[in-house]
Amino acid sequence: QVRLVESGGGMMQAGESLGLFCVGTGVSVALFRISDMGWYRQGPGKQREMVATITSDGTTNYADSAKGRVTISRANAKNTVYLQMNNPKPEDTGVYYCHLANYNYWGQGTQVTVSS
């Protein structure tokens, strides 16, 4: 059974750095390697929105609100996708979800709360 497990969330002050991790289990390294991955966020009372995506060949795409502050990367040998956010803001608060696009798998999410 494929699972995406996110970690690294929590409570932080605006301006602190944030690092999130997503590990895929139950999926082969070969399948993970060819899969496009993404991080999405659902803020309080809001719809889920894309934060950043990375294709199998490493091409990245960022939401306008994330550009310049967020870096998505992946370590295929570890079935892992990372999200690094610098200078998080209160509006970055939400549940962050990892997504394996090729098979539309979602993780359970990790809560991030940024206070001013």
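The values are calculated or read from the model by the stated rules, or taken from the named source; none is laboratory data. Note that the coordinates shown come from a computational prediction; the quantities given were computed from them, not determined experimentally. Using ideal geometry, Cβ is built from the backbone for each residue, glycine included, and neighbour counts are taken over all protein chains shown. The protein model used for the area step is the full one, side chains on, heavy atoms only, and it has no ligands, DNA or RNA in it. Shrake-Rupley method; radii C 1.70, N 1.55, O 1.52, S 1.80 Å.
Of all residue pairs spaced 6 or more apart or on separate chains, none has beta-carbon atoms under 6 Å together with a first member in the stretch 43-58 that is closer than 18 Å to Asn102 by Cα and charged (D, E, K, R) and a second member that is assigned to a loop (DSSP other than H, G, I, E, B) and open to solvent by 100 Å² or more (accessible area, probe 1.4 Å).
Do we find that Arg74 is within 23 Å of Ser116 (Cα to Cα), assigned to a strand (DSSP E or B) and among the charged types (D, E, K, R) in this structure?
Values: within 23 Å of Ser116 (Cα to Cα): no; assigned to a strand (DSSP E or B): yes; among the charged types (D, E, K, R): yes.
Judged against the criteria, Arg74 is not a match.
Tell me, please, whether a residue that is of a type in the set (D, E, K, R), within 14 Å of the chain's Cα centre (by Cα) and open to solvent by 60 Å² or more (accessible area, probe 1.4 Å) can be found in the stretch 47-57.
Step one: list which residues in the stretch 47-57 are of a type in the set (D, E, K, R), which gives 48-49, 57.
Among the residues that remain, those that are also within 14 Å of the chain's Cα centre (by Cα) are: 48-49.
Okay, now just the ones that are also open to solvent by 60 Å² or more (accessible area, probe 1.4 Å), so 48-49.
Yes, the stretch 47-57 contains at least one residue that is of a type in the set (D, E, K, R), within 14 Å of the chain's Cα centre (by Cα) and open to solvent by 60 Å² or more (accessible area, probe 1.4 Å).
Quick check: is even one residue across the stretch 36-44 surrounded by 12 or more Cβ atoms within 10 Å (Cβ to Cβ), over 30 Å from Ser116 (Cβ atoms), over 10 Å from the mean Cα position of the chain (by Cα) and of a type in the set (Asp, Glu)? Yes.
Would you mention how many residues in the stretch 80-91 are over 21 Å from Val23 (Cβ atoms) and either at pLDDT 95 or above or open to solvent by 50 Å² or more (accessible area, probe 1.4 Å) (or both)? Full working, then the answer.
Taking the stretch 80-91 and keeping what is over 21 Å from Val23 (Cβ atoms), we get 86-91.
So of that shortlist, the ones also either at pLDDT 95 or above or open to solvent by 50 Å² or more (accessible area, probe 1.4 Å) (or both) come out as 86-87, 89-91.
Counting residues in the stretch 80-91 that are over 21 Å from Val23 (Cβ atoms) and either at pLDDT 95 or above or open to solvent by 50 Å² or more (accessible area, probe 1.4 Å) (or both) gives 5.
Among residues of the stretch 18-32 that are on the phi > 0 side of the Ramachandran plot, those with a beta-carbon under 7 Å from a residue that is in a strand (DSSP E or B) and open to solvent by 20 Å² or more (accessible area, probe 1.4 Å) at least six positions away or on a different chain give the pairs Gly26/Arg3. Please state which one of Val2, Val23 is open to solvent by less than 50 Å² (accessible area, probe 1.4 Å), within 19 Å of Gly109 (Cβ to Cβ) and aliphatic (A, V, I, L, M). Going through Val2, Val23 in turn, just one is open to solvent by less than 50 Å² (accessible area, probe 1.4 Å), within 19 Å of Gly109 (Cβ to Cβ) and aliphatic (A, V, I, L, M): Val2.
I'd like the full set of residues that are surrounded by 20 or more Cβ atoms within 10 Å (Cβ to Cβ) and in contact (Cβ under 8 Å) with a residue 60 or more places away in the chain, limited to the stretch 93-109. Of everything in the stretch 93-109, those that are surrounded by 20 or more Cβ atoms within 10 Å (Cβ to Cβ) and in contact (Cβ under 8 Å) with a residue 60 or more places away in the chain turn out to be Tyr96, Tyr97, Cys98, His99, Leu100, Gly107. Could you tell me whether Ala77 is over 24 Å from Met11 (Cβ atoms), surrounded by fewer than 18 Cβ atoms within 10 Å (Cβ to Cβ) and touching a Gly at 6+ places or on another chain (Cβ under 9 Å)? Taking the combined requirement at face value, the residue does not satisfy it. Could you run through the stretch 95-116 and say how many residues are within 10 Å of the chain's Cα centre (by Cα) and under 13 Å from Leu18 (Cα atoms)? Residues in the stretch 95-116 being within 10 Å of the chain's Cα centre (by Cα) and under 13 Å from Leu18 (Cα atoms): 2 in total.
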